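Novice: Here you go, one structure.
The values are calculated or read from the model by the stated rules, or taken from the named source; none is laboratory data. Since the structure is predicted, the reported quantities are computational estimates derived from the model, not experimental observations. Heads up, the Cβs are rebuilt from the backbone with ideal geometry, glycines too, and the neighbour counts pull from every protein chain shown. Only protein heavy atoms, including side chains, enter the accessible area calculation; ligands, DNA and RNA are left aside. Shrake-Rupley method; radii C 1.70, N 1.55, O 1.52, S 1.80 Å.
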Amino acid sequence: MATEGTPIDEMELATQLRTRGLVRTVADRGYRRLNDNHSALVEALATIMNATDAPSIDLHIKEALAELEGPHFFLVQHVLCDLIPLLNVDQGVLLAFVLRLVDKGGSDLAAGAPSEAFGEWTKKDPTRPSKVYEAARTGEKLALRQLFTVLRMNADAEQALMFARADEREPKLAAISALGAIELGERYSEVLDTLLQGAASEDEDTALRSLESGYRAAAQRKASAPAGFDEELERALQTRRPFAIHMAANLLWLHQEGLTEDAIDLCLDALADVDPDNTGTISHIDHATYQLVAAGRAEDVVRLLGEMFDRSKGRITFDAFQSTYHALKLADADGLGKAVVYWLLNGGTHTRSCVASQICGIGIDDPPFSIPTASLPPAPSDQLFLCRKAVGWFFIDPLTAVAIPLAVLRGGSPEIANDVLDLIYDPLLLSYGGKLKKYLERYFAEGEAIGSGISELLARKTALQDAMEGIERLVELRPSESHREAERVRWNEEMERGLEQGRRKSVLDDLVTKQYILYGRSSLTPITTGEGTTHLTETKMKSFSISSEIPLLNIVDPVGLDHMLLRLKLEQRGQR
């Protein structure tokens, strides 16, 4: 067979295998040669390792794996996974070899690739799966760890049913999982009956595994699972145990097509009680809620997020739900605005704090969301309450804070218009005279029906600015040097926190090299080529800036402003 790249010297390769071992030999070939000559290398390795006088595949493996770290290990694993199905070695030896690779991979998403390769190995010879099943029935640990993969890759529904109906717990659980992943064909009803029996088990692992497999099998057929599964699901989720909540997250994320409306509601109710320390489950919930938003269930997701934020007392935040947050922004033009209205009206202190931290920013030129009239509450008192909450929680970002009051003026009750205008003036316009004033001027210029009230506020703001002109020259009103220094320290600390938060949310932070440059107009980065040479790449630096405005009321009456904002934040909604 013709291959690209440098021909493989099989004698040299065989010598290296006998002295260095298989893993080290593959590692020694290096990244570039594996790329150029991958197929030829795999074929040569298979030929040598299948010979009668071949060295053992696990020669020096313990030491070799200890030497491999991070990406280098997975490059080697990639070659070994292509090699495994081609080998003709003892099953026990190969199982031990595969599981060493799996354990080395840890929790990485690619860690299961050696198991898949072993599954492919069993498909090469019809006697191989039977040997794995026989070993699993005798309790052989290595075979038990690969039983699920072998059943699934060989689509062996008959053997999986036999294991699932047996009493031995470990092979039973592996077989139950495999039944949900296998194309069942005519045995679909028989398998679901068996899984339903397992879902009624008093053993929690058996019940949860059976439920997940049943819904998974139904989802593969794009059909809802039988009603009996919903009854058992309700019973299982009543415990609110971590494994049950994790299963609920997986059902919504991976097997949503197999869920009835009742099952979806049961899962959503359970997710609200997730333990904040279970970060893996929370990550799965983020995947699930992202898909629910795409499926048109944004209202359910918004309600769920609010419940999680409040029940966790703020330990769960939007930091764990960035995918869902962006899905809400993209779902429709007003999706995020509807969500913000709901959270401000119905959420607790922790939910509103999370929302404010997520949507408020520095340097924005327009509000981050729009408020459709249909999302406003019908009662005038609730509309005013909504405006007060927006001003209280979003005050640091005036364009975000003013979006909801303007929406109420535009589409809300006329009887509260004066109260809403007063909120816009005090504390917003009194504090901010930059982008907020320009935004309101543009808003008025575009001919909105509420323009007369806005024009009056702008006139009052202009009169106030005229009256204050020259006041900065009064020595008595100038802050002392100690106050100036304290403010500079406070501002620097706030900027450092904002920079660190931005890094945590950046998808590029782990992909690029950070450089700290004190002076200069360009930076030099060394680039190492595949041939081992290094050259410098110059990057020209350009200036960029973000403007922000310190609220005037925070300077002239900080105590009064803090008291006002605290009152707006903590004010309770009236009886509905």
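Novice: In the structure displayed, which of K389/K461; K62/K104; K438/K461; K313/K338; K338/K389; K222/K329 lie more than 18 Å apart, Cα to Cα?
Specialist: K389/K461; K313/K338; K222/K329, as the Cα separations exceed 18 Å there.
Novice: Got a sec? Which residues in region 189-219 would a label at R165 touch, if it sits 7 Å along Cα→Cβ and we count backbone N under 16 Å?
Specialist: Flagged as within label range: 189-199.
Novice: Quick check: residue separation of D277 and S480 times 0.36 nm, minus the Cα distance between them. What number comes out in nm?
Specialist: 68.4 nm
Novice: Order R567, R29 by their accessible area, 1.4 angstrom probe, all chains in place, largest first.
Specialist: Largest accessible area first, the residues go R567, R29.
Novice: For region 84-135, with equal point scatterers placed on the C-alpha atoms only and solvent neglected, what are the log10 I(q)/I(0) values from the Debye formula at q = 0.29, 0.32 1/Å, to two decimals?
Specialist: -1.16, -1.28
Novice: Additional query: First check a/c for region 116-194, with a ≥ b ≥ c the square roots of the eigenvalues of its C-alpha gyration tensor; if it is under 1.5, answer rounded, and if not, answer prolate when a/b is larger than b/c or oblate otherwise.
Specialist: Oblate, because a/c is 1.5 or more while a/b does not exceed b/c.
Novice: Can you send over the solvent-accessible area of E234, 1.4 Å probe, protein chains only, in Å² to the nearest 10?
Specialist: So the heavy atoms of E234 present about 90 Å² to solvent.
Novice: Another question about this same structure. Give me the extension gain from E415 to E231: residue separation times 0.36 nm, minus the current Cα-Cα distance, reported in nm with one decimal.
Specialist: Gain on stretching E415 to E231: 61.2 nm.
Novice: Still on this structure, please answer the following. T138 label point, 7 Å along Cα→Cβ, cut-off 17 Å on backbone N: hits in region 150-184?
Specialist: Counting backbone N atoms under 17 Å from the label point, the list is 171.
Novice: Leaving out ligands and nucleic acids, note down the accessible area per residue over the chain with a 1.4 angstrom probe, in whole Å².
Specialist: I get 53 Å² per residue for this part.
Novice: Please compute the alpha carbon radius of gyration of the chain, then divide it by the globular-protein estimate 2.2 N^0.38 Å. Two decimals is fine.
Specialist: 1.30
Novice: Could you state the principal axis extents of the C-alpha atoms in region 9-93, from the largest down, to the nearest angstrom?
Specialist: Here the Cα extents, ordered largest to smallest, are 33, 27, 23 Å.
Novice: Leaving ligands, DNA and RNA out of it, report the carbon-plus-sulfur percent of the accessible area of the chain at a 1.4 Å probe.
Specialist: 52 percent
Novice: What does the helix-only formula give at 222 nm for the chain: each DSSP H stretch with n ≥ 4 adding -39500 (n - 2.57), the total divided by the residues, and the result rounded to the nearest 500 deg cm²/dmol?
Specialist: Estimated from H runs of four or more residues: -19500 deg cm²/dmol.
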